[in-house]
Structure formats: structure tokens, C-alpha cells
1. Got a sec? Which of B:205, B:118, B:109 is more than 23 Å from residue B:340 (Cα to Cα), of a type outside the set (Ser, Thr, Tyr) and at pLDDT 95 or above?
2. Could you check region B:143-173 and list, in sequence order, the residues that are aliphatic (A, V, I, L, M), under 30 Å from residue B:299 (Cβ atoms) and surrounded by fewer than 22 Cβ atoms within 10 Å (Cβ to Cβ)?
3. Please go through region B:116-170 and give me each residue that is within 14 Å of the chain's Cα centre (by Cα), more than 8 Å from ligand 1 (Cβ to nearest atom) and of a type in the set (Ser, Thr, Tyr), ordered by number.
4. Collect the residues in region A:123-139 that are within 11 Å of chain C (Cβ to nearest Cβ) and either within 16 Å of ligand 1 (Cβ to nearest atom) or in contact with an Asp or Glu (Cβ under 6 Å, 6 or more places away or on another chain) (or both), keeping them in residue-number order.
5. Consider region A:88-102. How many of its residues are within 24 Å of the chain's Cα centre (by Cα) and away from chain C (no Cβ under 14 Å)?
6. Give me the pairs: first residue in region C:278-301 and closer than 28 Å to residue C:224 by Cβ, second residue among the hydroxyl-bearing types (Ser, Thr, Tyr) and open to solvent by less than 80 Å² (accessible area, probe 1.4 Å), beta-carbon distance under 6 Å, and six or more apart or on different chains, which are they?
7. In this structure, is residue B:291 open to solvent by 30 Å² or more (accessible area, probe 1.4 Å) and within 14 Å of chain C (Cβ to nearest Cβ)?
Amino acid sequence: MADGAGRSDDQPGAEGGTDRRGFLKTLSGAFLSLWALGGAGAIAAYMRAPEHNESSNERVVRIGRLEDLRIGEARLVRHGVSPFFVIRTGAEHVIALSAVCTHVRCILAYDHERRGLICPCHDGRFDLNGNVVSGPPPRALPTYEVSTRAGEVFVRV
Amino acid sequence: MSTLASETPARTRRDRAVDWIDARINLSELFSFLTHFGLIYTPVDTRRPLRDVLEQIRTTPLESYARWPHILGLLTALLFALEAVSGILLAFYYQPTALGAYDSTRSIVRDVMLGWLVHHVHMWGSWLLVAVVLVRMIRLFWDGLYQAPRELLWFSAVALAWLVIQLDFTGLLLPWDEQSYWSAVRGLEIVWALPIVGPMLSALVGGRTMSEDVLNRFYVLHIIVLPVLYLAFVYLTFATMRRVGLSRVGGVAPKLTTFRRHASDLVIITLLLFAGLVTLSTLMPFQFHGPADPYRTPKGTLPPWYMLAPYALFQLPLPRWIPGLALVGTAFTLPFLPAIVRAAGNRLDDKRLRMAGLAVFGLWLVLSVLGAFVDRR
Amino acid sequence: MSAHAKEKGMGLWRRATALTLLLLPLAFLLASGAFAAARKTGDGKVTKASGRCGSCHPDERVAFEKSRHAGEDMHCTSCHGGNDQSLDEAGAHQGNGWRGKITRAQDPAMCASCHADEKVMQPYDLPVDQYSQYQTSGHGKLLAKGDGKVAVCSDCHGAHDVLSAHDPASRTYVTNIPRTCGTCHGDTTLVRERKMKDTYHEYLGSVHAKSLFDKGNLKAPTCVSCHGVHGAAPSDIGNVNKVCGRCHTAERRYFKSGPHAAAMAAEQMAECSSCHGDHGIAPSETARLASSCVKCHDKGSKDEVLGATLLADYQSAAEAIEKAEKVVARADAVPIQTEDYKARIEEAHTYLFEALTAAHAVSPEAMSGYTTRARSVGEEIQEELGSKLQNITVEKLFLLVFWFYVIVTIGIIRRFRDAGPRAVK
Ligand code: HEM
Ligand code: FES
């Protein structure tokens with residue numbers, strides 16, 4: 001009974017002892033088991049959650065280590081279409097403010113000497129609090145909250 | 001062969017495994033349950049030992065439905081299974097909130113490894129499934145398979161078509177992109193315009209206007225309520241089929257085969273189906289749209305294609321309840337077609353009925369084409 | 001208390017209540033009559049600022065009470081003289097330097113009596129030079145010549161209802177200034193009569209006005225930004241460029257460094273306004289890089305060709321960015337991660353703006369620094385994203401392997417299938 005339809009292909013191999021058949025069978029088995037392997041691999045790959053650091057929903061941006069920022073130095077962080085400056089103004093004090101001019105959205109440059117931001121397009125100027133000092137920009141720059149945790153700087157945008 | 005007792009020394013490892021299981025749980029019950037879903041075909045006696053049951057399954061000749069035109073019924077089940085698998089995978093990442101829907105869908109397609117494949121397979125699968133259930137309905141009608149004793153088959157075919165369209169409609173909203181959002185809005189407008197049923201459905205769905213509530217309800221309908229109902233009707237389909245047998249169109253009896261051949265065919269079809277979906281997904285991926293903006297309607301957004309005909313009807317210069325009543329009327333007569341035909345008696349012969357069906361189908365096509373263009377005046 | 005007494009008490013109560021109810025309307029009538037009477041005379045109520053003047057001049061009083069002056073130590077009499085405590089007209093209209101109606105000619109000097117006094121103005125941190133400025137202005141000079149139709153203080157500030165320039169309701173608030181000047185400089189009959197330009201309506205069509213009114217940019221220039229406030233005067237040739245350059249600093253810098261500055265000065269030509277116009281300044285248009293040359297230079301001359309070169313340079317850069325944006329849109333439809341590219345395009349837009357600014361030097365060298373950068377950003381993005389889009393074809397190649405696998409599997413299953421017996425029976 002056990003040698004019914006389901007096992008009829010085993011029998012020639014078992015009786016005739018032809019190696020070729022046995023070999024073919026193992027080969028087929030190996031081949032088919034690759035499906036299981038591939039399927040498991042694919043699902044495992046799919047299940048690995050991607051890192052979320054670049055989602056547009058992300059509110060907190062990691063900037064890097066505090067000691068990598070020199071005092072008085074500004075770093076332009078490219079955060080999608082709304083880049084911002086992170087400026088270390090003192091040993092413990094780090095500020096972050098938008099790098100997008102409020103006039104017609106040019107990207108500002110940091111002026112180390114005057115401790116302010118200058119717009120290359122129409123020479124609009126801002127101080128480090130984001131206030132307009134001169135030029136066409138109509139509004140102050142948005143500033144962002146900065147927090148330092150374990151020597152690591154985060155900006156909440 | 002069947003005289004071999006289970007205690008023969010020729011017992012293979014497989015036999016021993018079967019006996020081991022059989023001593024602990026009654027797998028026959030499970031197989032009996034599976035017969036309802038058409039995979040295993042033989043009536044299974046749950047009191048007999050598993051080995052006997054397996055043997056019986058193996059040796060009983062059966063009519064294979066893995067052939068045209070019966071394959072349409074198989075495809076409604078197989079495609080649904082593929083949709084369920086890919087849908088469950090999607091649900092691992094998808095977030096049904098106004099804030100998260102778009103981002104999570106985009107993240108599936110863009111950032112998750114192989115996520116694009118799962119997403120596109122799900123989308124293409126839904127397309128095919130809608131096509132398959134509609135074609136199947138047409139073929140059942142054409143071959144008169146709503147007549148006794150197949151009324152239930154027809155009824156569940158109509159129900160499956162309706163469910164698939166609901167699944168597709170609810171699913172399409174989920175990515176919450178500009179296209180899906182606005183085409184769902186168009187669709188909801190149609191639903192709302194239906195007399196009596198409209199307000200009821202709108203209440204079910206969370207309101208007449210699009211909102212996060214609607215998204216959440218669509219999600220629940222999409223991944224739980226409708227799939228469960230769908231399974232119920234798949235059961236009904238196979239249950240009637242096992243009772244009344246496959247149809248014999250033109251008096252040709254389906255060929256008998258063995259379970260082994262039948263099962264092999266099923267695996268091959270599944271494999272081909274999957275490979276086909278993967279191919280479509282790779283070569284013709286769906287376009288990914290921008291996020292939904294409730295304050296800006298993209299130009300020329302239409303409801304999903306199967307809603308174009310009602311959409312066109314509602315654009316006619318008639319009071320809304322007239323096309324509404326026509327639609328609701330059609331929707332309610334369709335499942336009860338067998339009873340209506342019987343009531344009509346001999347006045348409707350097969351040929352006339354077919355022509356009438358053809359006319360309705362033609363009208364639907366024309367209206368659909370119209371619906372695609374009315375807005376672009 | 002006995003039941004009887006109680007009843008009696010109740011009866012009394014009831015009567016009293018009825019009486020009160022009856023009398024109440026009567027009392028109300030009486031009271032309201034009294035109030036009405038009080039109100040009638042109340043018009044002449046003595047307020048700190050206007051004294052009794054309001055009894056006869058209610059409109060003026062109302063306007064004055066709302067003004068910036070009213071809260072300070074200012075009264076009707078401060079300007080008009082007379083006695084604001086007097087109960088009759090004759091008494092009110094005399095003494096204390098009674099002036100009655102102030103004529104237009106008197107107005108500036110009268111305001112100056114306080115506003116030019118450092119001591120008075122000091123607590124308010126207001127300048128004291130408005131009057132002297134006014135005397136140098138076009139308005140002031142004509143007034144001195146006896147032209148009574150020119151603007152005096154009250155035309156812009158109001159007479160009784162003087163408000164602070166920081167008050168949005170004030171006629172001198174930034175957004176109201178154009179309309180205030182426009183009451184004369186946009187009055188069609190007056191403009192025709194006095195042969196002036198209708199500069200108000202010209203201004204309304206300008207980018208400056210759009211920025212001010214539509215975008216609410218309070219930094220956008222109004223009339224006074226260029227012509228001065230109290231010393232209002234037409235800007236002359238040497239000055240217009242300085243006026244524009246106050247905001248358009250970078251443009252002016254480039255312009256000064258270019259060949260136009262000296263040449264135009266020699267020809268007595270206004271610098272900015274020669275190309276851009278004055279009151280009705282139109283939005284900058286890149287095509288003008290080439291098209292405005294022929295106003296002065298011969299067609300086909302090397303100067304005109306230079307303009308065309310600048311335009312072509314700019315356009316090729318702008319086009320590269322546009323193409324890059326299209327590739328980004330294509331990548332978004334896949335979707336592919338594009339945030340970084342969008343950030344770079346944003347930067348490239350800055351370069352494009354800078355290029356237009358630098359174009360004021362009319363030198364290809366000054367401009368090409370920026371256009372080259374913009375172009376290379378555009379081209380890089382096209383290339384990088386383009387190759388990422390190409391990478392999708394790798395997936396298509398993988399499809400071949402997949403199908404090979406599927407077909408072999410099907411072969412194996414078919415072998416398994418056919419190894420069994422055919423149909424039973
Ligand atoms: C148990 C079964 C199912 C589950 C758990 C499921 C789950 C999901 C989930 C989570 C999504 C959102 C993810 C995404 O948008 O990529 C989705 C989308 C979708 N589903 Fe299903 N689904 C199931 C069955 C079906 C069926 C049978 C159909 C066919 C009619 C269908 C059609 C769609 C469509 C058209 C979408 C939109 C795809 C998109 O644009 O992303 N689903 N499904
Ligand atoms: S864009 Fe910054 S000043 Fe114009």
C-alpha cells in the first residue's frame with residue numbers, strides 16, 4: 001500500500017540501482033530545496049526594517065559628535081529641501097537655524113567674521129538669532145531646538 | 001496493495017512519520033477540512049487512520065479543474081492566496097494613518113529590501129483578480145451555469161466579484177497618494193449617490209467625505225472583513241462543486257486524473273502565476289505618485305475603472321435617483337438571476353438570454369468608455 | 001406664626017409684588033428718559049483732551065480722541081487756541097492765541113512748534129528734523145512759493161486723527177504709504193492738471209508693490225523708501241542707482257565693476273532705471289539679458305553678441321537644472337531616494353540666482369563661475385540618478401535567472417507528475 005502511486009518513481013532506482021536516476025533525484029531535491037532557501041532569504045531580507053534616518057516624517061536629525069564641531073564653525077546640514085546650519089557658538093552652546101533665505105529660498109552662507117548669515121542672491125543678511133539685519137528678506141529665519149545627549153548633537157526640525 | 005498491513009517490515013521512514021502523527025492527532029480531520037477548499041477532492045472519512053486516508057486520496061480518480069474553463073474558479077482562489085501572502089507582508093510595514101500611510105508605503109517600495117516586489121505583486125495580483133472574477137462571471141452566465149443545481153455557485157460567483165471589487169477599491173486608497181486619494185473620493189461620491197444603500201454604506205465606511213476615519217475603516221475592511229467573507233464564498237464555491245460536480249459544457253465530461261497529477265498541476269499553475277506576477281512587476285511597475293493633498297485635485301482623476309460606468313450614469317442629465325435606482329436594481333438582481341430566469345419560464349430561451357446578457361455587457365462597456373471621457377470636456 | 005397671619009403676610013407680599021411689577025415699566029421709562037437727557041448734554045462732557053469743544057464739534061472730538069495726540073498732554077487748544085472750558089461760543093473762540101481754522105500754509109510751522117523742539121520730542125524718541133527736511137522737499141518749496149495745493153503735514157498724517165506710523169491703521173503705515181501718496185500722485189485730474197506722472201498706478205504694477213501687498217513683505221520699498229519721507233524729492237540721475245543699491249547691494253557691486261558704470265555716467269544715463277524702469281519695475285526676466293542691449297548698442301555689434309552669450313550661458317545652466325528636476329521626478333515615480341538630489345538642486349537654484357546678479361557686470365567671466373557650478377550640479381544629478389534608474393535593468397536581468405529557475409522547477413514537477421499512472425480507469 002505504501003508503494004502506491006506516490007512512490008512509483010522510487011522503485012526503479014531502488015531495484016535497478018541505476019546511479020543516474022538516484023543522482024537525478026538528489027539533484028532535483030537539491031534544486032527544489034533552493035526554493036525554500038530563496039523564499040526564506042527573500043522574506044528575511046524583506047523583514048529587515050530599513051533605517052529610518054531619512055524619512056521625511058523624521059523630526060529629530062542626528063548631526064554628529066559635539067567635539068567634531070569647532071567653536072565658531074558652522075555646518076550646513078542638507079536636510080532635504082530644507083537645509084539648516086548647525087553652529088557651535090560656545091563650548092556648550094550649539095544653535096541651529098534654517099539655511100533657506102526667506103526672500104526667494106536661496107541657500108545662505110555663514111559669515112564667520114560677522115557671525116551672521118549672508119544670502120548670496122540679493123545680499124540679505126541675518127544674525128545668528130535669525131533676525132533680518134539687512135536686505136530684502138521679509139521674515140526672520142526659523143530656528144530649531146538643539147539638544148546634546150552623550151556628546152551627540154541632535155536637532156529637532 | 002491495500003492488503004499490506006501497517007506493521008510490515010517494509011515500512012519506510014515516511015510511513016513511520018505518518019503513524020507517529022496519527023497516533024497523536026487526527027490529521028484526517030484536517031484533510032477533511034481542506035476538502036472544502038477544493039485542494040483535496042475526495043470525501044474523507046475522518047474516522048479512518050491517516051494512512052488509509054492518504055491512500056484513498058492517492059488512489060481515488062478525480063475530475064481535474066486545472067483546465068480551461070474550470071481554471072477560472074481555481075484562479076480566483078490561487079490569486080487570492082497570493083494576494084493574502086503579499087498583503088500580509090505589506091501589513092508588516094504599512095501604517096493606516098493619514099500621516100503614516102504615504103510614508104510607510106513609500107518606504108516599503110523604496111527602502112525595504114524587495115518591498116517593491118511585494119508591493120507590485122500585490123497591485124498586479126489585484127488587477128488580475130478583478131479581471132478573473134469578472135471573466136468568470138461572464139463565462140458562468142454564458143454557459144448557463146446559474147441554473148439548478150448551480151444557483152449557489154452563481155450566487156457565490158457574484159459575491160466574489162463584488163468582494164474583489166470592494167477589496168480593490170479599499171486597497172487602492174491605502175497608499176494615500178494623490179491618485180488613490182482622489183479616485184477614492186470620486187468612488188465615494190458614487191456610493192453616496194446611491195439611494196438607500198448609499199447612506200448605509202457611507203456609514204459603514206466612516207462618512208461621506210474622505211478622512212482618516214475612512215482610511216482606517218478601509219484598512220480594516222481590506223485586511224480582515226472582506227478577506228474573511230471572500231474565504232467564506234470560496235468555500236461555498238468548492239462545496240457546491242464537490243456536490244454537483246464540474247460543469248459539463250456541451251456534454252463533454254471532464255477527464256479523470258489522479259491526485260498526484262492534479263496536485264502537480266496546481267503547483268505548476270501557482271508557480272507560473274507567481275512568476276507571471278513577478279515579471280509584470282519588474283517590467284511594468286506601477287507609477288508611484290506624490291502624496292495626497294486634500295486641497296488640490298489633480299486634473300482628470302477618475303474613479304477606479306470598474307466604477308466608470310456608474311460614474312458616467314451619474315453624469316447624465318437626470319435626477320440622481322434614476323441612475324441610482326438602476327444601479328442598485330442591477331446589483332440586487334444579479335445574484336438572483338437563476339430565480340428570475342426560472343420565473344420567466346420558457347419565454348426566455350438560452351439564446352435570447354445570452355443576447356440580453358451581451359447587450360447589458362455592451363452597455364456597460366460603452367458607459368465605461370464614456371465615463372473615462374465625460375470629465376475632460 | 002399662625003396660619004392666618006401667614007395668609008395675611010402672603011397677601012401683603014402679593015400686593016407689593018403687583019405694585020412693583022406695575023411700577024417697573026414706569027420707572028424704566030423715566031430712567032431712560034433721564035438717560036437720554038443726560039446723553040444729550042453728555043456730548044459736551046468735559047474730557048481731558050478736548051475740553052468742552054466736542055459739544056459743538058463732535059466729529060472732530062471723536063477723531064481727536066482716537067489719535068496718538070489725545071493720550072499726551074495735547075488739547076484742542078494746543079493747536080487752535082481759545083478756551084476749551086468756556087460754556088458759550090464767543091467765550092470759547094477767543095484768547096489763548098485763538099487761531100480758529102488752520103490754513104494749509106500755517107500747518108507745517110504749527111506742527112513744527114512741537115515737532116522741531118528737541119525738548120518736547122525727546123521722551124518720544126522722535127526726530128526733530130522733519131520740518132527742516134520738509135522745507136527742502138519739493139512740497140515744501142512749492143508751499144513757500146505760495147502753491148497751496150501741495151502736501152502739508154495733515155495731508156499724510158491727518159489733522160485730528162494723527163496716528164503713529166507703527167499703527168497699521170495709520171495713513172503712514174508702510175502698506176498704506178503708496179495710497180497716501182497716491183491720493184495726489186494717482187489722482188487722474190490732478191495729475192493731468194499739474195502735468196505729473198501717475199506714478200501711483202505705475203507703482204501698483206511693479207514687483208515692489210506685489211511684494212508689499214501680495215506677499216506682505218514690509219521690507220519692499222514704498223514711495224518714501226526712494227524719495228525720502230519728509231524731504232520728498234525726485235531722485236536725480238546720480239542718485240537712483242544708490243537708492244536701488246541700498247537693497248540690491250550685490251547687483252550694484254557687480255554693476256560698478258563692469259564697463260557700464262563709467263560709460264553710463266559719462267552719458268548722463270541713469271544706471272538701474274535705464275533697463276529696469278522706475279516706478280513700474282517689472283519682474284526680472286532673463287530674456288532681457290540679451291534683448292535690452294539693442295536699446296543702446298547696434299544690432300549685430302559685439303556688445304549685442306555679448307548679451308546673447310550671457311543669455312545662452314544662463315539658459316544652458318537653467319536647462320541642466322530643469323532636466324535634473326525631471327530626472328528627479330522620474331526617480332520619485334519609481335520611487336528612488338531623492339532627498340539628497342533635491343537638496344543639491346535647491347543649492348543650484350541659488351547659483352542660478354547668483355548668476356543673474358553677477359550678470360550686472362556684463363562679463364561672461366563674472367557670470368560663468370555660477371553658471372558652471374549650476375550646470376555641473378544639474379549634469380551630475382542627471383548622470384547619477386540616470387544611472388540609478390538604469391540599475392533597474394539589473395533587476396530585469398535577474399528576471400532571466402528567475403525564469404530559468406521556474407522553468408527547470410516546472411520540468412521537475414512535470415517529471416514527477418508523469419511518473420505516476422495516468423488517469424485511473
Ligand atoms: C488577506 C488579504 C489582504 C491583505 C492582508 C492585504 C493587505 C494590504 C495592505 C497592507 C495594503 C497597503 C500596502 C500598500 O499600499 O502597498 C494593501 C494594498 C492594496 N491591496 Fe491588499 N490585501 C489583501 C488582499 C487584497 C486583495 C484580494 C486585493 C484585490 C482585489 C487587494 C488589493 C489591494 C490594492 C489594489 C492595494 C493598493 C496597493 C498600493 O497601491 O500600494 N488586496 N493590501
Ligand atoms: S534670496 Fe536671499 S536675499 Fe534674495
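The values are calculated or read from the model by the stated rules, or taken from the named source; none is laboratory data. Not measured: the values here are computed from a predicted model. Every residue, glycine as well, gets a Cβ built from its backbone with ideal geometry; the counts of neighbours run over all protein chains shown. These accessible areas exclude ligands, DNA and RNA; they are computed on the full protein's heavy atoms, side chains included. Shrake-Rupley method; radii C 1.70, N 1.55, O 1.52, S 1.80 Å.
1. B:118
2. Selection gives B:165, B:172.
3. Once the filter is applied, which keeps residues that are within 14 Å of the chain's Cα centre (by Cα), more than 8 Å from ligand 1 (Cβ to nearest atom) and of a type in the set (Ser, Thr, Tyr), region B:116-170 yields only B:156.
4. A:135
5. 5
6. Listed by first residue and then by second, the contacts come to C:279/C:199; C:279/C:203; C:280/C:206; C:281/C:206.
7. yes
Residues are listed down the side, and each one gets a yes or a no for (1) more than 14 Å from chain A (Cβ to nearest Cβ); (2) surrounded by 18 or more Cβ atoms within 10 Å (Cβ to Cβ); (3) outside any helix (DSSP H, G or I):
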{"residue": "C:217", "(1), (2), (3)": "no, yes, yes"}
{"residue": "C:244", "(1), (2), (3)": "no, yes, no"}
{"residue": "C:247", "(1), (2), (3)": "no, yes, yes"}
{"residue": "C:255", "(1), (2), (3)": "no, yes, no"}
{"residue": "C:260", "(1), (2), (3)": "yes, yes, no"}
{"residue": "C:279", "(1), (2), (3)": "yes, yes, yes"}
{"residue": "C:283", "(1), (2), (3)": "no, no, yes"}
{"residue": "C:317", "(1), (2), (3)": "yes, yes, no"}
